[in-house]
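I have placed the structure first, in the form of C-alpha cells, so that the comments after it can refer back to it.
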Amino acid sequence: MKFDSYWLATAPTLKCAEQSPPEGTFDVVVVGGGFTGLSAARTLARGGARVALLEAGRLIGEASGRNGGQCNTGVAQDYVSLVEQVGRERAMIHYRTYAEAVTTVEQVIREESIECDYLHHGKLKLAAKPEHYDKLARTFEAIRRDVDPDVELLSAASVREEVDSPLFHGGLLQRNGGQMHMGRFGIGLAQAAHHHGARLFEYAPVNAITREGRAYRLGTPQGELRANHVLLATGASQVGPLNWFRRRMAPVGSFIVVTEPLSSEQCAQLLPNRRAYVTSRIIGNYFRLTPDNRLLFGGRARFAISDEKSDAKSGEILRRGLAEAFPQLSDVRLDYCWGGLVDMSRDRLPHAGCHDGMHYVMGYSGHGVQMSVHMGKSLAETLLGQRETYPWQESEWPAIPGHFGKPWFLPLIGSWYRLQDRLR
Ligand SMILES: Cc1cc2nc3c(=O)[nH]c(=O)nc-3n(C[C@H](O)[C@H](O)[C@H](O)COP(=O)(O)OP(=O)(O)OC[C@H]3O[C@@H](n4cnc5c(N)ncnc54)[C@H](O)[C@@H]3O)c2cc1C
C-alpha cells in the first residue's frame with residue numbers, strides 16, 4: 001500500500017512551475033497553491049493583472065489534492081440546522097452560493113478544456129440509523145420548499161438499489177453535484193493560470209510579510225516578491241506568519257483509503273449510479289468510485305492531525321469501516337492510504353474578508369472543492385474591479401475562544417461527537 005494521495009500519485013506532471021527563485025514586483029501575490037489560490041491566479045491573469053503565486057510545497061499538495069473527490073451542492077452541515085443557526089433567508093443564500101460554486105467549477109472545466117473525468121451524478125446522503133431517516137425527511141422538505149425542487153427522498157429499499165450495502169435506512173438525493181479526478185483538475189487549473197500569464201512558484205513558503213506603505217514585501221527562503229495586493233489562500237496552514245488565521249480555525253485530520261481496481265461488473269453491482277456518497281453520522285464516511293474503478297472510502301476516522309503514522313492508524317479504522325459497509329469487499333486489497341487537514345471554522349462556514357489590508361478566504365470546513373474554485377474567482381474579480389462584493393464577505397472574524405494556534409481541544413471535540421453519534 002502506498003501512503004500517498006491517489007489523486008496526486010495519478011495526476012499528470014506539472015510543467016509550468018517557475019524554475020528560478022521568486023523575485024519581482026506584481027499587482028497581486030497569491031499565497032497558497034490549492035484550488036483557491038490557483039483559481040484566483042487564473043482569473044487575475046486572465047483579467048490582465050501581473051500575478052505571482054507562492055506555494056509552500058507542491059501545487060495542490062494539501063487539501064486540494066488530498067480530498068474525497070466530491071464537488072457537491074448544499075452546505076457542509078444539515079440544512080435544517082443551518083436555518084436554526086443563521087435564519088432562513090441567510091441559509092437560502094448560503095445554499096444557493098454552493099449551487100453557484102458547482103456551476104463555476106463546470107464553467108472552468110469547460111473554458112479551459114480540463115480533462116478531469118467530471119461527472120454530474122449528484123450526491124446521496126445515507127441514513128446510518130433508522131432515526132436519521134426522519135431527520136433526512138425533514139431536511140428534504142426544507143430544501144425542496146426553500147432552495148432545490150429537484151431533491152428526492154429515497155426509502156431503504158430504493159437506497160439498496162443505489163448502494164449494495166446492508167447498512168443504510170434511506171437517503172437524500174441532491175442531483176446538482178459532481179465529482180472529478182482532483183489531480184487532473186488541479187494540474188489543469190495550474191496550467192490554465194500559467195497559460196494566462198500567472199507565475200507559479202513551488203516550494204516557496206512565505207515566512208515573512210512586511211507592509212511598505214500601501215504595498216507588501218513577501219519573504220521566502222529563496223527570495224522575495226513585492227505586491228500591491230496580497231491574497232491569502234492558505235487553508236489549514238501550518239507554516240508562515242499566519243497565526244491570526246490559525247486562531248480562527250482548527251486543523252482537523254480527515255483520512256482516505258482507495259482499493260485496488262474493481263471489475264466493471266463489481267462496480268455496476270456496488271454503486272451502479274456512480275454518485276458521491278456521504279453517511280449521516282457526525283463522524284461519518286464518504287465514498288465514491290474513481291475513474292479507474294477503485295472504491296475511495298474516507299472519513300474523519302480519528303480526531304487527529306494527519307501524518308504518516310496517524311494516517312496508517314486511521315487507514316486501519318477505515319479498512320474495518322469499509323468491510324462493514326461492503327462485506328463483499330472485506331478481502332479487497334488497499335492500494336492507497338493518506339490523510340489531509342481540513343480548515344474547520346467554528347460555524348463550519350467559509351470566511352472571507354480583509355485583515356491588515358490583505359484579502360483572505362478559507363475555513364471551508366471539509367466542504368470546499370467547489371467553493372474554493374468559486375471564491376478564488378470571486379475575490380479575483382473584485383480585485384480586478386469586475387464586481388463589488390463577494391460571497392462570505394465579512395468585516396469581523398472573531399478568534400475561537402481559548403484557541404491560540406494549537407488545537408488542544410480536538411480530542412475533547414472528538415469524544416463529544418462520538419458520544420452524540422452513539423446517542424442520536
Ligand atoms: C481528506 C480531505 C477530504 C476532503 N474531501 C472533500 C470533498 O470530498 N469535497 C469537498 O468539497 N471538500 C473536501 N475537502 C475540503 C477541500 O479539499 C478544501 O476545502 C479545498 O481543497 C480548499 O482549497 P484551498 O486552496 O483553500 O486550500 P489547500 O488546498 O489546503 O491549499 C492551501 C495551500 O496553501 C499553502 N500554504 C500554506 N501556508 C503557506 C505559506 N506560509 N506560504 C506559501 N504557501 C502556503 C499550502 O501548502 C497549501 O498548498 C476535503 C479535505 C480533506 C483534507
Does Gly299 satisfy the criteria of being within 24 Å of Gly177 (Cα to Cα), of a type outside the set (Phe, Trp, Tyr), modelled with pLDDT under 95 and within 11 Å of the ligand (Cβ to nearest atom)? yes
By residue number, the members of the stretch 235-275 that are assigned to a loop (DSSP other than H, G, I, E, B), touching a helix residue (DSSP H, G or I) at 6+ places or on another chain (Cβ under 8 Å) and open to solvent by less than 30 Å² (accessible area, probe 1.4 Å) are Gly235, Ala236, Ser237, Leu262, Leu271
Out of all the residues in the stretch 189-216, which are touching an Asp or Glu at 6+ places or on another chain (Cβ under 6 Å) and either open to solvent by 20 Å² or more (accessible area, probe 1.4 Å) or within 11 Å of the ligand (Cβ to nearest atom) (or both)? Arg199, Phe201, Glu202
Condition check for Tyr364: under 28 Å from Arg46 (Cβ atoms) and near the ligand (Cβ under 9 Å from one of its atoms): yes
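Hand me the list of strands (runs of 3 or more DSSP E) wholly inside the stretch 119-221 holding 3 or more residues that are under 26 Å from the mean Cα position of the chain (by Cα) and small (Gly, Ala, Ser).
On the way: elements: 123-126, 152-154, 171-174, 199-201, 208-212, 215-219.
Fully inside the stretch 119-221 and qualifying: nothing.
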Take the stretch 319-341 and flag every residue that is open to solvent by less than 20 Å² (accessible area, probe 1.4 Å) and under 18 Å from Trp7 (Cα atoms). Leu334, Tyr336, Cys337, Trp338, Gly339, Gly340
Can you find, within the stretch 320-356, the residue that is nearest to Ser263 (Cα to Cα) among those that are within 15 Å of the ligand (Cβ to nearest atom) and of a type in the set (Phe, Trp, Tyr)? Tyr336
Looking only at the stretch 101-124, decide whether some residue is open to solvent by 30 Å² or more (accessible area, probe 1.4 Å), farther than 30 Å from Thr13 by Cα and at pLDDT 95 or above. no
Of Thr10, Thr73, which residue is in contact (Cβ under 8 Å) with a residue 40 or more places away in the chain, within 14 Å of the ligand (Cβ to nearest atom) and either surrounded by fewer than 17 Cβ atoms within 10 Å (Cβ to Cβ) or under 30 Å from Leu334 (Cα atoms) (or both)? Thr73
Consider Arg226 carefully, then state whether it is among the basic types (Lys, Arg), in a strand (DSSP E or B), modelled with pLDDT of 95 or more and open to solvent by 50 Å² or more (accessible area, probe 1.4 Å). yes
Does Leu232 satisfy being within 13 Å of the ligand (Cβ to nearest atom) and touching a Phe, Trp or Tyr at 6+ places or on another chain (Cβ under 9 Å)? yes
Taking interchain pairs and intrachain pairs at least six residues apart, which have beta carbon atoms under 8 angstrom, with the first residue in the stretch 34-58 and within 19 Å of Glu23 (Cβ to Cβ) and open to solvent by 10 Å² or more (accessible area, probe 1.4 Å) and the second within 12 Å of the ligand (Cβ to nearest atom) and assigned to a helix (DSSP H, G or I)? Glu55/Gly37
Those residues of the stretch 169-186 that are over 30 Å from Ala137 (Cβ atoms), open to solvent by less than 10 Å² (accessible area, probe 1.4 Å) and either out of contact with any Cys (no Cβ under 9 Å at 6 or more places or on another chain) or not small (Gly, Ala, Ser) (or both) come to a total of 4
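The values are calculated or read from the model by the stated rules, or taken from the named source; none is laboratory data. Here the structure is a predicted model, which means the values were calculated and not measured. Because the Cβ atoms are built from the backbone with ideal geometry, glycine has one as well, and the counts that use them run over all protein chains shown. For accessibility, only protein heavy atoms count, side chains too; no ligands or nucleic acids. Shrake-Rupley method; radii C 1.70, N 1.55, O 1.52, S 1.80 Å.
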